[in-house]
């Protein structure tokens, strides 16, 4: 095997390992989000919305080749479609909650926080389905593009956990909009 081929193969394995680690972080986030919604009035909507992406992420950690499976891809697209449809409904709820005052922080309202969760779910599912990062059989032809996609996925994985963890610092949950109501029940 020529030296260039071994270098490309090594890079492919490195990217796959990073992708699996990112999926592990996202599986933890989606699982924690599902658990956090147990005390919500509409838990029966949010539990599946978060559990399904967690299961997709865990499956990529356990067996990355599942990303090439037609059934896996079909299930992902179905869940993505349902999330997009529900996001349209959430936009209407958010606009009603803001009541024309668009200078408010939308994360101060439950509808805004729910919309944020849907955006994270949709972004993650789109990245899993429509990029070649998640494809063991995919070719990595543009190193810059792959690096950018990998950086975006790492950011998408770490940022929600970081923002969520801020709610547990001292009394910050009383001052940060996305934490409001988190400890009240």
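Any read-out appearing in this document is the output of simple, stated calculations on the displayed coordinates, not a laboratory observation. In this text, all values refer to a predicted model and were calculated from it rather than measured experimentally. Positions of Cβ are generated from backbone atoms using ideal geometry, with glycine treated the same way; all protein chains shown enter the neighbour counts.
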Once fully extended, how much extra length lies between residue 126 and residue 61, figured as 0.36 nm per residue of separation less the alpha-carbon to alpha-carbon distance? 21.7 nm
Zone reached by a paramagnetic label modelled 7 Å from residue 93 Cα along Cα→Cβ, restricted to the stretch 113-133 with backbone N below 19 Å, covers 113-123
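Which of the peptides 35-45, 16-26 is most tightly packed, and how do the rest follow, going by the mean number of other Cβ atoms within 10 Å of each residue? Walk me through the intermediate numbers first.
On the way: 35-45: 12.1, 16-26: 18.9.
The peptides rank, most packed first, as 16-26, 35-45.
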